[in-house]
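Peer 1: Quick one: structure below, then a few questions.
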Amino acid sequence: MRIAAAQFASVPGDVGANVHAMHGLLDAASGRGADLVVFSELAVTGYELELIAKDPALWVAPDDPRLDPIREACRAHRTAAVVNCAAARTDSERPAITSLVIDSRGELLTRYEKRHLHGPELDVFAAGTAEGRFTLGGVRFALAICYDNRFPELAERAKDDNCQVYVASSALDVENDSFEAVYPVRARDNGLYVVLGNAVGFSGAGDCRGGSAVWGPDGSVIVDAGEAAPGLAVAELPFRS
């Protein structure tokens, strides 16, 4: 199984432009044999909390037609995608920071809502309560979003739930220590592959560094996408897809 961690600079509040960029990265990842592509936190709008709070039109539904290009790319390439967005909820006037997992048929496999909100996110979003899990090609995955990863019990529960891969969509700036102090530790402490899709460029999260990567169960970096430029980190994991 090949997994790609994708990074690009989202255009603030421009869902169409960002979906187009994600479509292009899905095309590129498919050309490298990827079975799953992981995008960064709030990739669909950019990490732009003020815009999201002011304009509910930026909130995305799981069946939103604006995501059709992503669904079409998944079907065409038989590739799955983890797409992070601000998603409307039926039980709250606030959206949730949400990972939508779209499978290789272009259908929604699962959704996960960020459980641990941080700073100004608390004024904009509702927190999720459920674990994020899905199975792809016989491999069990866990989902987490940015600040979630600061809580080791999420990865511990993933290990106890027989997950093999831990997927993190994040928006981390250049000063964030998670690349050294969080992701490799979650991998090593729990024997998990950890896949990080991080943002690139300036946003409400600061100057995001890229550095999307895959860590092995021993905590070592298998591959990274480098800093500051759009691209992919593609890793071959020892599972049959």
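Peer 1: From Gly138, Gly206, grab the single residue that is modelled with pLDDT of 95 or more and of a type outside the set (S, T, N, Q).
Peer 2: Working: Gly206 fails: modelled with pLDDT of 95 or more.
The match here is Gly138.
Peer 1: Now a separate question. Which ones in segment 112-133 are within 15 Å of the chain's Cα centre (by Cα) and open to solvent by less than 10 Å² (accessible area, probe 1.4 Å)?
Peer 2: Listed by number, the residues that qualify are Tyr112, Lys114, Gly132.
Peer 1: Ok, one more. Among the numbered criteria (1) at pLDDT 95 or above; (2) under 15 Å from Arg105 (Cβ atoms), which single criterion is violated by Pro62?
Peer 2: (1)
Peer 1: Do you know which residues across segment 177-195 are open to solvent by 10 Å² or more (accessible area, probe 1.4 Å) and touching a Cys at 6+ places or on another chain (Cβ under 9 Å)?
Peer 2: Passing the criteria: only Asn190.
Peer 1: Then there's this: Which of the following residues is of a type in the set (Val, Ile, Thr) and touching a helix residue (DSSP H, G or I) at 6+ places or on another chain (Cβ under 9 Å): Val221, Val174, Val200? Can you show your working first?
Peer 2: On the way: Val174 fails: touching a helix residue (DSSP H, G or I) at 6+ places or on another chain (Cβ under 9 Å); Val200 fails: touching a helix residue (DSSP H, G or I) at 6+ places or on another chain (Cβ under 9 Å).
Matching residue, one of Val221, Val174, Val200: Val221.
Peer 1: Given Gly46, Gly13, which one is open to solvent by 10 Å² or more (accessible area, probe 1.4 Å), touching a residue at least 40 places away in the same chain (Cβ under 8 Å) and not in a helix (DSSP H, G or I)? First the steps, then the outcome.
Peer 2: Details: Gly46 fails: open to solvent by 10 Å² or more (accessible area, probe 1.4 Å).
After ruling out the rest, the residue left standing is Gly13.
Peer 1: Residues to consider are Ser30, Ser99; find the one that is among the small types (Gly, Ala, Ser) and within 13 Å of the chain's Cα centre (by Cα). Working first, answer last.
Peer 2: Details: Ser30 fails: within 13 Å of the chain's Cα centre (by Cα).
Ser99 is the lone residue from the list that is among the small types (Gly, Ala, Ser) and within 13 Å of the chain's Cα centre (by Cα).
Peer 1: Quick one: which of Arg188, Arg111 is closer than 24 Å to Pro238 by Cβ, out of contact with any Lys or Arg (no Cβ under 8 Å at 6 or more places or on another chain) and at pLDDT 95 or above? Break it down stepwise before answering.
Peer 2: Working: Arg111 fails: closer than 24 Å to Pro238 by Cβ.
Result: Arg188 is the single residue among Arg188, Arg111 that is closer than 24 Å to Pro238 by Cβ, out of contact with any Lys or Arg (no Cβ under 8 Å at 6 or more places or on another chain) and at pLDDT 95 or above.
Peer 1: Can you confirm whether segment 218-225 contains a residue that is under 24 Å from Tyr47 (Cα atoms), in contact (Cβ under 8 Å) with a residue 12 or more places away in the chain and open to solvent by less than 50 Å² (accessible area, probe 1.4 Å)?
Peer 2: Residues of segment 218-225 that are under 24 Å from Tyr47 (Cα atoms), as a first pass: 224-225.
Remaining after also requiring in contact (Cβ under 8 Å) with a residue 12 or more places away in the chain: 224-225.
When the remaining residues are screened for being open to solvent by less than 50 Å² (accessible area, probe 1.4 Å), the result is 225.
There is at least one residue in segment 218-225 that is under 24 Å from Tyr47 (Cα atoms), in contact (Cβ under 8 Å) with a residue 12 or more places away in the chain and open to solvent by less than 50 Å² (accessible area, probe 1.4 Å).
The values are calculated or read from the model by the stated rules, or taken from the named source; none is laboratory data. This is a predicted model, so every value here is computed, not measured. Heads up, the Cβs are rebuilt from the backbone with ideal geometry, glycines too, and the neighbour counts pull from every protein chain shown. Just so you know, the surface numbers come from the protein's heavy atoms only, side chains and all, with ligands and any DNA or RNA stripped out. Shrake-Rupley method; radii C 1.70, N 1.55, O 1.52, S 1.80 Å.
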